[in-house]
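Each value in this text was obtained by applying a stated rule to the coordinates, not by laboratory testing. The model shown is predicted, which means the values in this text are computed figures rather than measured ones. For neighbour counting, all protein chains shown are included, and Cβ atoms are generated from backbone atoms with ideal geometry for every residue, glycine included.
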Amino acid sequence: MVLEMVKMMRREMPKLGTRKLMFLLQPFMETHSIKMGRDALHGLLQDHNLIIQNKKRYARTTNSNHWYRKYPNLINGLCVKESERLWVSDITYISIAGGFSYLSLITDAYSKKIVGHCLYKTLESIGCVIALEMALRNREKDTSLIHHSDRGIQYCCHDYVNILNKESVKISMTESGSPYDNAIAERVNGILKTEFGLDKTFKNYIEAKEAAAGVIPIYNEKRPHSSCDYLTPEQAHGEFGELKKRWKPITT
């Protein structure tokens, strides 16, 4: 019964890991009087070749060698306690036959909800602009907001900066080229690729675009997030106060 539930959940979230499966399975197991801890679930998945092996991939999508103005980092030490106070933006590549397309994402730092997205055929700024316009259309609060990104030309260009200034959104940028300076955005990129199958090679741009548009609502509405007390991003978006982190830091 547990294996069937796992297979059903993974039809929508193909690479959902053991911890999150355990969290989602708890009501089902309580209803059916199934006593199984996380280690037992991990063993069951292992016995049936259902353990997820993540692949690490990195491709450079940032060109910060340009003459546009670069903005200071406003978020060092910032503690965000509600949604729509800080957005983080990033671009990741999606493989298609014969090349790449580029997925621009804007994520709410508090709830980890993807509030704007666009898959575009090139690295031109228009893809980022479309994602930003979507995020602004979906905005629910009239709060002071910071937009944080790397120093890529797409985020520094006049078209992008002018929209942020018009909407009175403060501009913040990383101070180095390290992906760890924009960790939340990088983490969301990784989740969409490793857990939702966007790391595959698609036949063409249309197929990739449909795949991205299909998995983002599932990520937002159904995937429990360990940085948000196992709430989904959609649920966390309506919360206030510091959210409990359920992940354990890596120790050496």
Practice problem: Can you tell me the FRET efficiency between Arg11 and Asn165 if r is taken as the Cβ-Cβ distance and R0 is 41 Å, rounded to the nearest 0.05? | Solution: 0.40
Quiz item: What Kirkwood hydrodynamic radius, in Å, does the chain give when the mean of 1/r is taken over all pairs of distinct Cα atoms and then inverted?
Solution: 19.3 Å
Exercise. Using only Cα atoms, find the angle between the long axis of helix 126-137 and the longest principal axis of the chain, and express it within 0 to 90 degrees, rounded to the nearest 10.
Key: 70 degrees
Quiz item: Expressed as an acute angle from 0 to 90° and rounded to the nearest 10, what is the orientation of the C-alpha long axis of helix 205-222 relative to the principal long axis of the chain?
Solution: 60 degrees
Quiz prompt | Stokes-Einstein translational diffusion, region 192-252 - Kirkwood Rh over all Cα pairs, 0.692 mPa s, 37 °C, in µm²/s | solution = 245 µm²/s
Quiz item: Given Leu164, Ala236, Leu123, which one lies farthest toward the positive end of the charge dipole of the chain, if we put +1 on the Cβ of every Lys and Arg and -1 on the Cβ of every Asp and Glu?
Solution: Leu123
Quiz item: For the chain, what proportion of DSSP beta bridges, expressed in % and rounded to the nearest 5, is antiparallel?
Solution: 70 percent
Quiz item: Could you give the length gained on full extension between His158 and Ala183, defined as 0.36 nm per residue of separation minus the Cα-Cα distance, in nm?
Solution: 6.5 nm
Quiz prompt | Sites Thr31 and Phe240 - FRET efficiency at Förster radius 30 Å, r taken between beta-carbons, to 0.05 | solution = 0.45
Quiz item: Lys203 versus Asp47, label points 7 Å from Cα toward the beta carbon: distance in nm?
Solution: 3.9 nm
